[in-house]
Amino acid sequence: MTDSHTPGDGVRQRNLSRLLRLVHQGGPLSRATLTEATGLNRSTIADLVSELARRELVVEQAPAAAGRVGRPSPVVAASADIVAIAANPEVDALEIAAIGLDRSVRLRERIDLDHLATPEEIADLLAERIARWRGDTLASARTVAVGLAVPGLVRTLDGLVRTAPHLGWTDAPVRDLVSQATGLPTAVGNDASLGVIAEHLFGAGRGVDDLVYLNGGASGIGGGLIVQGMAVGGAGGYAGEFGQNRPGIATVTDRRAGAGVLEDEVSRARLLAVAGLASADEPTLAAVLHTSTSPSVTEEVARQRRILSTALANAVNVLNPSVVVLGGFLATLAGPDLDGLLQAVRAQAMPACAEDLEIRPALLAEDRLLVGAAEAAFDGLLRDPTTLA
């Protein structure tokens, strides 16, 4: 729905976008800070903030008075009542969350699945949950869009999932199916590609211009890249499929999957098996692996770390990142001995490429993919706030 402003029209629209993005990404900011950050004068900032407030995209809060001299500047915050629905379909569950423009997680639900859900089933599940939430907890909120983080190759142009092999999806028009089922604009992206954006904006990669992110989930290993501050998607949006590379395995006895790819060797399913778990969310699996005294668990974790270190060394040689961020079960593998993994990577990488390298666990933990999906859903609004009446 639009109003008298023409979407995308001129300098004012761009300035509205700048302010909304600043408070969305940076949290509550004073008008004085916004004035300094944008170079706009105070009266222009006041006018722009008033319009964003009229559209209910931001709220103004009283500043803390302690220790201040003179008239305090009002604080501007993104609204928690502007909501995106974020979803991550996996082989064993559908994770759904309602995330506010202020980045608060309003609601979160994990729907366990006993079969591989079709794209149509996922669309219907989302439509049902969104309708329920909007009739209850989100009754006073404005739900603006849906974002999906899918473990597969997603064509940037139209949200077509070309292949999600672990889900059994091929050329699935997921964006259109979800949009039709929910009645909401929908964005679809690769899970790790959205995860790297979330970690770059809000997590372990915040402020890092050259970043490699690897995500370990039930469907395998995906990756995302930030190069010179920009997300890299490739020609079709498929860049970052580290899990499909064939790792070098120095010790023959470490190989489990014949000529398998990285995600066949470094595998959540193998960790669940040695831990004696049929399924588990990320915190549960991490707790079991970190407290287990079973030799089979210790040996499998060590084996996967050795292979992962080689794969990371290859990525470091090719891309020369300053930081590698690990999410999901890969963060669990890094675990309490992060420095040991870093030294194993450095031992196999070119010294110059790895001399300033850091390896960090994903700071957003199990929220990372949902936060990334929400960013994709909010993108249109952040680009042009005048699209929301």
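Considering I226, I221, the condition of being in a strand (DSSP E or B) and in contact with a His (Cβ under 6 Å, 6 or more places away or on another chain) is satisfied by I226 alone. The set of residues in the range 8-50 being small (G, A, S) and either more than 22 Å from P72 (Cα to Cα) or free of Cβ contacts under 8 Å to residues at least 12 places away in the same chain (or both) consists of G8, G10, S17, G26, G39, S43, S50. Where helices (runs of 4 or more DSSP H) fall entirely within the range 234-328, those with at least 3 residues that are at negative phi and charged (D, E, K, R) are at 262-265, 295-319.
So, in the range 320-337, how many residues would count as being more than 12 Å from A362 (Cα to Cα) and either modelled with pLDDT of 95 or more or open to solvent by less than 10 Å² (accessible area, probe 1.4 Å) (or both)?
Taking the range 320-337 first, the residues more than 12 Å from A362 (Cα to Cα) are 320-322, 333, 336-337.
Checking the rest, the ones that are also either modelled with pLDDT of 95 or more or open to solvent by less than 10 Å² (accessible area, probe 1.4 Å) (or both) come to 320-322, 333.
Summing the residues that are more than 12 Å from A362 (Cα to Cα) and either modelled with pLDDT of 95 or more or open to solvent by less than 10 Å² (accessible area, probe 1.4 Å) (or both) in the range 320-337 gives 4.
Of all residue pairs spaced 6 or more apart or on separate chains, those with beta-carbon atoms under 7 Å, a first member in the range 223-248 that is among the polar types (S, T, N, Q) and a second member that is surrounded by fewer than 17 Cβ atoms within 10 Å (Cβ to Cβ) and not in a helix (DSSP H, G or I) are Q228/D209; Q228/D210. Taking the condition under 21 Å from the mean Cα position of the chain (by Cα) and under 22 Å from G222 (Cβ atoms), does G328 pass? So G328 passes the test. The condition (being within 22 Å of the chain's Cα centre (by Cα) and among the polar types (S, T, N, Q)) is satisfied by just one residue among T170, T143: T143. Going residue by residue through the range 331-339, is there one that turns out to be closer than 21 Å to A86 by Cβ and either of a type in the set (F, W, Y) or out of contact with any Lys or Arg (no Cβ under 7 Å at 6 or more places or on another chain) (or both)? Yes, the range 331-339 contains a residue that is closer than 21 Å to A86 by Cβ and either of a type in the set (F, W, Y) or out of contact with any Lys or Arg (no Cβ under 7 Å at 6 or more places or on another chain) (or both). Selection of the range 26-45 for residues being surrounded by fewer than 15 Cβ atoms within 10 Å (Cβ to Cβ) and touching a Lys or Arg at 6+ places or on another chain (Cβ under 9 Å) yields G27, A37, R42. Please go through the range 256-300 and give me each residue that is open to solvent by 60 Å² or more (accessible area, probe 1.4 Å), among the hydrophobic types (A, V, I, L, M, F, W, C) and within 20 Å of L113 (Cα to Cα), ordered by number. A269, A273, A278, listed by residue number. Against the conditions (1) surrounded by fewer than 20 Cβ atoms within 10 Å (Cβ to Cβ); (2) within 30 Å of G222 (Cβ to Cβ); (3) not β-branched (V, I, T), A62 satisfies every one except (2).
Restricting to the range 344-389, and then to whatever is assigned to a loop (DSSP other than H, G, I, E, B) and touching a residue at least 60 places away in the same chain (Cβ under 8 Å), can you tell me which residue is surrounded by the fewest Cβ atoms within 10 Å (Cβ to Cβ)?
A389
The values are calculated or read from the model by the stated rules, or taken from the named source; none is laboratory data. Here the structure is a predicted model, which is why all the values come from computation and not from measurement. Counting neighbours? That spans all protein chains shown, and the Cβs are built from the backbone with ideal geometry, glycine included. Just so you know, the surface numbers come from the protein's heavy atoms only, side chains and all, with ligands and any DNA or RNA stripped out. Shrake-Rupley method; radii C 1.70, N 1.55, O 1.52, S 1.80 Å.
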